[in-house]
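Presented below is the structure to which this report refers.
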């Protein structure tokens, strides 16, 4: 699928430990064959307050998924367009099939505030408890490297350069 000029709809399916965590419709903004960029409103019911950011109805996520990288980067904005920051999921490379973008969440996350002053590694305890290192050591190593790469990019030059 190529959607570099016109938007097309698809469904994002986020899977964790073999179970579907959430499915939601999104509009394809761009698909260059390697990276798929979609836009969707906050898909969960109600507000989710993490302490360092609140996701709430009206927020808009521009989500970048790669077919060859072990992460996804989600730019989060208010409904009025104000940048909240970037929420990054460490995932297996995304697979697009029959208008469904399948993304396997590997527990590790990174939050980068809009001004870049806060770069937070998240859920490392969940990752260790998941048992991925024992089941699939190569995937666990790729996940750790992806988190390190994103953190380095966020601290060195910001994520905007990755998304340009």
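No value in this document is a laboratory result; all are computed from the given coordinates. Since this is a predicted model, take the numbers as computed values, not measurements. Don't worry about glycine lacking a Cβ; one is built from the backbone with ideal geometry, like all the others, and counts go over all protein chains shown.
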Exercise. If you check residue 123 against the conditions, is it touching a strand residue (DSSP E or B) at 6+ places or on another chain (Cβ under 7 Å) and over 19 Å from residue 69 (Cα atoms)?
Worked result: yes
Seminar exercise, completed: Exception for residue 51 within (1) part of a loop (DSSP other than H, G, I, E, B); (2) farther than 22 Å from residue 149 by Cβ; (3) in contact with a strand residue (DSSP E or B) (Cβ under 8 Å, 6 or more places away or on another chain) falls at (3)
Exercise. Looking at region 97-120, which of its residues are touching a residue at least 60 places away in the same chain (Cβ under 8 Å), surrounded by fewer than 16 Cβ atoms within 10 Å (Cβ to Cβ) and under 18 Å from residue 26 (Cβ atoms)?
Worked result: 99, 100
For this session: Check 150, 163 and return the single one that is under 22 Å from residue 62 (Cα atoms), exposed (fewer than 15 other Cβ atoms within 10 Å of the Cβ) and touching a residue at least 12 places away in the same chain (Cβ under 8 Å).
Result: 163
Problem set entry | strands (runs of 3 or more DSSP E) contained in region 63-164 and holding at least 1 residues closer than 29 Å to residue 9 by Cβ and touching a helix residue (DSSP H, G or I) at 6+ places or on another chain (Cβ under 7 Å) | 71-77, 83-91, 100-113
For this session: Test residue 38 against the stated conditions and say whether it is buried (at least 17 other Cβ atoms within 10 Å of the Cβ) and under 20 Å from residue 118 (Cα atoms).
Result: no
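Take the conditions within 18 Å of residue 119 (Cα to Cα) and either buried (at least 17 other Cβ atoms within 10 Å of the Cβ) or within 14 Å of the chain's Cα centre (by Cα) (or both) and apply them to residue 60. Does it pass? Break it down into steps so the answer makes sense when it comes.
Working: within 18 Å of residue 119 (Cα to Cα): no; either buried (at least 17 other Cβ atoms within 10 Å of the Cβ) or within 14 Å of the chain's Cα centre (by Cα) (or both): yes.
So residue 60 does not fit the description; no.
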